[in-house]
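The structure under discussion appears below in the form of structure tokens.
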Amino acid sequence: MSEALNEAAHEAVQGAANGAAREPVPAPGRPAAKAPVPSPFAGALDSAAGGLSRGLARITGTTVGRYQAAVVRIGISLTWLLFLLREWPHRHELYGPDGAWSWDLADRLVAGNHAFTLLLWGRADVWFEVVYTGAILASVMLLLGWRTRTASLLFMIGVLSLQNRSVFVGDGGDNVIHLMAIYLVVTRCGRVWSLDSRRRARGRDGDGAGIALWIVLGLVLAVAQLLGRTGLTWTDGLLPWLGWTPFLWGFLLLQAVWWAVRRYAPGEPRTVLDILANILHAAGLLVIVVEVCLIYSTAGWYKVQGSRWQDGTALYYPLHLDDFSPWPGLSHAMAASGLMVLVITYGTVAVQVAFPFTLFNRRVKNVLLALMMVEHASIAVVLGLPFFSLAMIAADAVFLPTGFLRWAGDRVARLVRRGGGRDAAAGGAGEPEDARPREADDPDDAGDPGDPGDAADAERAKDAPARAVAGPRGPGPDGEPAPSNLVV
């Protein structure tokens, strides 16, 4: 051993001497040559490639932003449900046969803009009651997260059927609900805080109810197609080149394929479908983020161009309108303070214009997000626009920090567990999500977006390529202006 060490030391000394001999010796009086300055772009390409690879692995291997998607799902469905229940006594005047916007006018409008509504499939009062009641039931299903994938489609159909029947009913919040109802269909918004996730955590498949829903929907769609009902076109509808007929039939077909692959081909085909679902979900969540930014940016920049917003008096006028003064004393007290009117007017414009530019600074974004939510809560109370405010707060929730959502969810779960006793605890209602088994996707459950701040998801994302090669994951541990006037 000592001889080997001595030999290694001798070779090291010789190598150093030879290296020193090969180094150029500067001539007398000349300075030694400086080493070249490294490029500031050295390694930038490798770093970008590594970041892109990690990002792709995260998007394909996990469901990003699942807590945010769950909050949007709960908020939007709750807002629409409360609106339908409040307007129950007036439903015939708003969307039914007694409305100012008659059935014939609605039929002519839909024939021109190719919008979709079930209410034009029949004039009978019974059919209207069926559609209105069905919209309420779909809202409850989506709110509770029961058969979330099918519930999201039924919720969208209910929203479009009522709103496209009477396009002049609403206060701006209806447009937000309209758009979010479409986007939620492509998201996996039932991964957490849903009956589906609770059922999967208990190891229950429960495909019977989902299959029954598919069969009923398929029969209804087939009958409507044979009868040639309004709105069921092949090329005019959701998109210029995609009508409602291929969209609805395609949804049912994808449901059947998902169930068949999950049941009979749980290997690589299941993994591929899961990756595609995660990508589609991430795209849907990105569209929601962009839509909310567009709402605030367009609202802010249009306000900047108004003379009343420029001189700081815009808030003064709605505070004196009887239709927007549920509490006249409060409205008049606010209007009497010139400083308060000025601060709120300028503050509203500043926050709305600045918000989209703060998304890459977490602390500033969270401050502005809290201010906007307080603003909408104030609009609900002072101006009497509760459903507009609830819809905007629900849409804003997509930007809430994951840590805050997990903390809030844990507190709510503790309250539920105290109220429900052992049953709630047995169902895992109070467990943190990552402590529960990671459930396999239910063929009838639209799960929620994974969460960018979830370390557990990050670890799963790193292993995504290995899972794709090795096989399936299996059931292992698991005011403002309205947005664009889109008519579908």
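The values are calculated or read from the model by the stated rules, or taken from the named source; none is laboratory data. Model, not experiment: these values are computed from the prediction. Note that we place each Cβ from the backbone using ideal geometry, even for glycine, and neighbour counts take in every protein chain shown. Keep in mind that these areas ignore ligands, DNA and RNA; they rest on the heavy atoms of the full protein, side chains included. Shrake-Rupley method; radii C 1.70, N 1.55, O 1.52, S 1.80 Å.
Among residues that are aliphatic (A, V, I, L, M), open to solvent by less than 10 Å² (accessible area, probe 1.4 Å) and under 30 Å from LEU369 (Cβ atoms), ALA151 is included.
ASN113 fulfils the conditions (1) more than 25 Å from ILE136 (Cα to Cα); (2) in contact with a His (Cβ under 6 Å, 6 or more places away or on another chain) except for a single criterion, (2). Counting just the residues of region 192-214 that are closer than 16 Å to TRP258 by Cβ and among the charged types (D, E, K, R), which one comes out modelled with the highest pLDDT? Among them, the one singled out is ASP196. The helices (runs of 4 or more DSSP H) located wholly in region 329-420 that include 3 or more residues which are in contact with a His (Cβ under 9 Å, 6 or more places away or on another chain) and either open to solvent by 50 Å² or more (accessible area, probe 1.4 Å) or under 24 Å from ASN175 (Cβ atoms) (or both) occupy 386-396. Of the residues making up region 172-229, those that are β-branched (Val, Ile, Thr), open to solvent by less than 30 Å² (accessible area, probe 1.4 Å) and under 23 Å from LEU248 (Cβ atoms) are ILE177, ILE182, VAL185, THR187.
So that you can scan it fast, the table gives a plain yes or no per residue for (1) under 31 Å from the mean Cα position of the chain (by Cα); (2) at pLDDT 95 or above; (3) surrounded by 21 or more Cβ atoms within 10 Å (Cβ to Cβ); (4) among the basic types (Lys, Arg):
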residue: GLU93; (1), (2), (3), (4): no, no, no, no
residue: ASP98; (1), (2), (3), (4): no, no, no, no
residue: GLY112; (1), (2), (3), (4): yes, no, no, no
residue: ILE136; (1), (2), (3), (4): yes, yes, no, no
residue: VAL159; (1), (2), (3), (4): yes, yes, yes, no
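Out of all the residues in region 34-54, is one or more at pLDDT below 95, within 60 Å of the chain's Cα centre (by Cα) and open to solvent by less than 40 Å² (accessible area, probe 1.4 Å)?
Within region 34-54 (the criterion being at pLDDT below 95, within 60 Å of the chain's Cα centre (by Cα) and open to solvent by less than 40 Å² (accessible area, probe 1.4 Å)), the answer is yes, since at least one residue qualifies.
Out of all the residues in region 114-134, which are among the small types (Gly, Ala, Ser) and modelled with pLDDT under 95? Hits for region 114-134 are ALA115, GLY122, ALA124.
When GLY75, GLY122 are screened for being open to solvent by less than 60 Å² (accessible area, probe 1.4 Å), more than 26 Å from the chain's Cα centre (by Cα) and either closer than 25 Å to TRP234 by Cα or not hydroxyl-bearing (Ser, Thr, Tyr) (or both), only GLY122 passes. Condition check for TRP101 on (1) part of a helix (DSSP H, G or I); (2) closer than 23 Å to GLY173 by Cβ: one failure, at (1). With respect to (1) farther than 20 Å from VAL131 by Cα; (2) touching a Phe, Trp or Tyr at 6+ places or on another chain (Cβ under 6 Å), the lone exception for LEU239 is condition (2). For region 236-315, the helices (runs of 4 or more DSSP H) that sit wholly inside it and include 3 or more residues that are loosely packed, with under 13 Cβ neighbours inside 10 Å and at negative phi are 244-264, 268-305. For VAL167, the criteria (1) among the β-branched types (Val, Ile, Thr); (2) open to solvent by 30 Å² or more (accessible area, probe 1.4 Å); (3) within 23 Å of PHE388 (Cβ to Cβ); (4) in a helix (DSSP H, G or I) hold in every case but one, which is (4).
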